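Here the structure comes first, spelled out in structure tokens, and everything after it is commentary.
The values are calculated or read from the model by the stated rules, or taken from the named source; none is laboratory data. Keep in mind the model is a prediction, meaning the values are calculated, not measured. Methodologically, a virtual Cβ is constructed for each residue, glycine included, from the backbone with ideal geometry; neighbour enumeration extends over all protein chains shown. Each accessible area value is taken on the protein alone, full model and side chains, heavy atoms only, with ligands, DNA and RNA left out. Shrake-Rupley method; radii C 1.70, N 1.55, O 1.52, S 1.80 Å.
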Amino acid sequence: RLKMLVGEGGHVMGPTALFAAAAIAANLAWPSVFRMGTGRAGLVIGIVLLVVGVPLWITSVVQILVNVPKKKLITTGPFALMLHPLYGCVALLVIPGCGLVLDTWVGFAIGAVLYLFSRIYSPREEKLLTTFFPKEYPAYRAKVLLPWL
């Protein structure tokens, strides 16, 4: 059951977590190297990214926890916007938003690494979904607003 809930998350999060740990450690050791200096504008943009990203991410998590054990294809909420909102929201909104709030470009680097690994491993999830939902998944995929996310 856990594998069904996690999907390719272990493959995506493993290398991302290692990169994040190294990047955060470097940022703590040499903060001036990583500072962006965006000031109030960066703080405001970071907060906006978090205000949008965190609820989308939480909604995605709840939808997965509720629907995946029931073997239901999720097509509403954040899943109507993007194919992989769990990865997309964190990689493109939450982590970069934290980076802006903390005035460090490390958030963008971690988000980019997460996005890269999600793109590498998401086709495996998509193949599995096509196998389980041979008619529904292609129809859903055709309707998603941002299918590359």
For the stretch 1-17: of the residues being of a type in the set (A, V, I, L, M, F, W, C) and open to solvent by less than 60 Å² (accessible area, probe 1.4 Å), which is modelled with the lowest pLDDT? 5
Residue 44 assigned to a helix (DSSP H, G or I), open to solvent by 60 Å² or more (accessible area, probe 1.4 Å), under 30 Å from residue 129 (Cα atoms) and without any contact (Cβ under 8 Å) to a residue 12 or more places away in the chain: no
If you check residue 37 against the conditions, is it surrounded by fewer than 17 Cβ atoms within 10 Å (Cβ to Cβ) and in contact with an Asp or Glu (Cβ under 8 Å, 6 or more places away or on another chain)? yes
Does residue 59 fit the bill of being at pLDDT 95 or above, touching a helix residue (DSSP H, G or I) at 6+ places or on another chain (Cβ under 6 Å) and either assigned to a helix (DSSP H, G or I) or closer than 20 Å to residue 23 by Cα (or both)? yes
How about the stretch 112-146: which of its residues are among the aliphatic types (A, V, I, L, M), open to solvent by less than 70 Å² (accessible area, probe 1.4 Å) and part of a helix (DSSP H, G or I)? 112, 113, 114, 129, 139
Looking at the stretch 73-87, can you tell me whether even one residue there is in a helix (DSSP H, G or I), open to solvent by 60 Å² or more (accessible area, probe 1.4 Å) and in contact (Cβ under 8 Å) with a residue 12 or more places away in the chain? yes
Return the only residue of 109, 20, 26, 91 being open to solvent by less than 30 Å² (accessible area, probe 1.4 Å), out of contact with any Leu (no Cβ under 7 Å at 6 or more places or on another chain), part of a helix (DSSP H, G or I) and closer than 22 Å to residue 148 by Cα. 109
Residue 97 more than 25 Å from residue 28 (Cα to Cα) and of a type in the set (Gly, Ala, Ser): no
Candidate set: the stretch 9-36, residues that are in contact with a helix residue (DSSP H, G or I) (Cβ under 6 Å, 6 or more places away or on another chain) and among the polar types (S, T, N, Q); chosen: the one farthest from residue 118 (Cα to Cα): 27
